[in-house]
Amino acid sequence: MKNPLGLRLVTTTLAGVMTLSMVACSKPVDGTGAAAPATTVGTEVDDSVVTTRVKTALLDNIDVKGFDIQVETRKGEVMLSGFVSNQTQIDQAVNVAKAVEGVTNINNKLSIKDGVATVGNKIDDSVITTEVKAALLADANIKSLDITVVTHKGEVQLSGFVNNQGQIDRALEIAHGVSGVTEVGNQMSIKK
């Protein structure tokens, strides 16, 4: 079942604006001075287009909770992360993403939600997510704009493409130190 055309246009436009703003704000070197494996401006724009296409396809599919899925792309490899309700949603999201033009590989980091979250849980999770993001931004040794933070019932999931294992270790350490975090899941990958 498909969503109405107006919703698709709005979500496509929003996803495109967010993607272009992320590309415009990216930095070529991390805080430790170690350069990430090289990509060209063309590759970054291509990756942004692929990310936008995947997000749009996920939002367009009524069976997939597209707003609960984070999408990141590096050299055509698409990473799906976040929390969904069941395995069927994971399988559907992977199939939708695979069908998008420009996708070379799918890195599935989706997790199944543990139980139903209450309104209180959702508010607490929003606070935890904000505090983890702020702590990552405050650390000069982490390229925190490359790390996505999602929280469900106190469990934090960190995902994205980072420069090295040191950044992964430091991000995990920072997230564990935030009040209210019960568990931290590492879904980060090192850039190739």
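The values are calculated or read from the model by the stated rules, or taken from the named source; none is laboratory data. Source: prediction; values computed, not measured. Virtual Cβ from ideal backbone geometry, glycine too; neighbours counted across all protein chains shown. The protein model used for the area step is the full one, side chains on, heavy atoms only, and it has no ligands, DNA or RNA in it. Shrake-Rupley method; radii C 1.70, N 1.55, O 1.52, S 1.80 Å.
Quick notes
- Residue check, Asn107 in contact (Cβ under 8 Å) with a residue 60 or more places away in the chain and either surrounded by 18 or more Cβ atoms within 10 Å (Cβ to Cβ) or of a type outside the set (Val, Ile, Thr) (or both): yes
- Check on Asn121, touching an Asp or Glu at 6+ places or on another chain (Cβ under 7 Å) and not basic (Lys, Arg): no
- When segment 134-152 is filtered for residues that are of a type in the set (Gly, Ala, Ser), touching a helix residue (DSSP H, G or I) at 6+ places or on another chain (Cβ under 8 Å) and either touching a residue at least 40 places away in the same chain (Cβ under 8 Å) or more than 28 Å from Asp47 (Cβ to Cβ) (or both), only Ala135 remains.
One line per residue, one yes/no per condition, for (1) under 22 Å from Ser189 (Cα atoms); (2) open to solvent by less than 40 Å² (accessible area, probe 1.4 Å); (3) touching a residue at least 24 places away in the same chain (Cβ under 8 Å):
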site	(1), (2), (3)
Met79	yes, yes, yes
Ile90	yes, yes, no
Asn95	yes, no, no
Asn121	no, no, yes
Val132	yes, yes, yes
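- Boolean, Thr73 is open to solvent by less than 60 Å² (accessible area, probe 1.4 Å), at pLDDT below 95, under 25 Å from Val49 (Cα atoms) and not charged (D, E, K, R): yes
Results for (1) out of contact with any strand residue (DSSP E or B) (no Cβ under 7 Å at 6 or more places or on another chain); (2) farther than 25 Å from Asn105 by Cβ; (3) modelled with pLDDT under 95; (4) buried (at least 21 other Cβ atoms within 10 Å of the Cβ), shown as yes or no for each residue.
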| residue | (1), (2), (3), (4) |
| --- | --- |
| Asn141 | yes, yes, yes, no |
| Val149 | no, no, yes, yes |
| Gly160 | no, no, yes, yes |
| Glu173 | yes, yes, no, no |
| Met188 | no, no, yes, yes |
| Lys192 | yes, no, yes, no |
